[in-house]
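Okay, structure first, notes after.
The values are calculated or read from the model by the stated rules, or taken from the named source; none is laboratory data. Just so we're clear, the structure is a prediction, and the values are computed from it rather than from any experiment. Positions of Cβ are generated from backbone atoms using ideal geometry, with glycine treated the same way; all protein chains shown enter the neighbour counts. These accessible areas exclude ligands, DNA and RNA; they are computed on the full protein's heavy atoms, side chains included. Shrake-Rupley method; radii C 1.70, N 1.55, O 1.52, S 1.80 Å.
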Amino acid sequence: METLKEIAKILKQCKSAVIFTHMRPDGDTIGSAMALSRALSFLEIRNEVLNEGEIPERFSYLSGVKEIKTAPSFDAECFICVDSSTEARLGLLRDVFLAGLKKKCTVNVDHHISNTRYAKYNFVRDRASNSENVAELIKELGVPITKEIAEFLMTGMVTDSGGFSHSDVNGDSFRAAGEMADAGADVNQISYETMKKQSRSRAQFFLKALSRLRFLLDDRFTAVVVSGELLDEFALDTDATEGLVDFGLTIDATEVSACFLEVRKGQYKISLRSKGKVNVNEVAGVFGGGGHILASGCVLFGEEEEVVEKIKYAVWQRL
């Protein structure tokens, strides 16, 4: 595996690059990508950021997010993936990336322990956010941290750390965030826009979804199932489910919380969170998913009760 210094040297030799973000984009993949994009532009390296779908409205306060494209507009020399543990996380852009895997310079910068090192050049370090890794990469590139870059990186740091509340937050996390604050990033605005601000319909959706919270395995496992019909009832998209999975961990007896999102009939995207007793990366790994020890995810096919039972059993085995 390469160091950030080596990754920086590789990128400086490229004349053009495309930066890939993962499907259902969060603040960390957007923040990592946009910050790196601005750094490459500073070095006069032609670049653009890609995502398979629409960028969630809550990130509209960030400058430049409307520039993000769904397909490459030019034949870039280098493909860079940020905050993506596997090629599959790229969604519809996976085939685009794989098509360039052999003939292009490919770079993977990530913070998930489940990362498969799928690029030619890889840097993977387990941190509270991938934006911490990208902040160091930008320094290695010799690019100054502008207010705009700081806003991007702080967005990733705030959102992926749960407002600096997750157990993988350490002194390095706060030192990195402090540098972003010193550069002009407004942590108060970022926290409000990404973690607190919501519409009335989303608040009503949350209330109804949480009223169906299931208490399983003597309350050590909580689960909430979100159907497509429930989202349609409040005219919301899947992005509205952000944060639902975290609620279960506020319950004293709960060790693992899960959100089962019906993305289409018979297909569920499962988000998992743990207080620490259970390694949910292992749970997700049973079903081909992954992520972090305390936060992971996977996709399962089947009927609702069948899917819930499978995850419940995998959690029970590790309690």
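Taking a quarter of the surface of the Cα convex hull of segment 61-188, what do you get in nm²? Over all viewing directions, segment 61-188 projects a mean Cα-hull area of 8.5 nm². For the options 301, 205, 20, a Gaussian network treatment of the chain with springs between C-alpha atoms closer than 10 Å singles out 301 as fluctuating the most. What separates the Cα centres of segment 102-117 and segment 13-27 is a distance of 11 Å. Sorting the segments 214-221, 269-276, 137-144 by their residues' average number of neighbouring beta-carbon atoms within 10 angstrom, most packed first, yields 269-276, 137-144, 214-221.
Under the shape rule built on the C-alpha gyration tensor, where the axes satisfy a ≥ b ≥ c, segment 30-127 is rounded, since a/c falls short of 1.5.
Of all the options 290, 228, 248, the one that moves most in a Gaussian network model of the chain with Cα springs shorter than 10 angstrom is 228.
Among the protein heavy atoms of the chain, carbon and sulfur supply 49% of the accessible surface, probe 1.4 Å, non-protein parts ignored. For segment 252-319, the equivalent ellipsoid derived from the Cα gyration tensor has semi-axes of 19, 12, 10 Å, listed largest first. For residue 92, what is the net charge nearby, where nearby means another residue's Cβ is under 14 Å from its Cβ and Lys, Arg count +1, Asp, Glu -1? With Lys, Arg at +1 and Asp, Glu at -1, the net is 0. For residue 267, the residues 5 or more places off, or on other chains, whose built amide H falls under 5 Å of its own are 302.
Taking every protein chain into account, the accessible area of the chain amounts to 45 square angstrom per residue (probe 1.4 Å). Counting only DSSP beta bridges whose two residues both lie in the chain, roughly 45 percent are antiparallel.
Computed over the alpha-carbon atoms, segment 139-219 gives an Rg to Rh ratio of 1.14, Rh here being the Kirkwood radius from the mean inverse distance. Relative protection proxy for 229-242, 109-122, from highest mean packing down: 109-122, 229-242 (other beta-carbon atoms within 10 angstrom). Entry note, the chain: the mean residue ellipticity at 222 nm calculated from DSSP H runs of n ≥ 4, each adding -39500 (n - 2.57), is -10500 deg cm²/dmol after division by the residues and rounding to the nearest 500. From the square roots a ≥ b ≥ c of the eigenvalues of the alpha-carbon gyration tensor of segment 30-74, which class results: rounded (a/c under 1.5), prolate (a/b over b/c), or oblate? It comes out oblate by the Cα gyration axes.
Size descriptor for segment 198-319, Kirkwood hydrodynamic radius: 14.2 Å (Cα pairs only, one decimal).
The value obtained for segment 207-262, namely the Cα convex hull volume divided by the number of residues, is 68 Å³ per residue.
Averaging 1/r over each pair of different alpha-carbon atoms in the chain and inverting the result gives 20.0 Å, the Kirkwood hydrodynamic radius.
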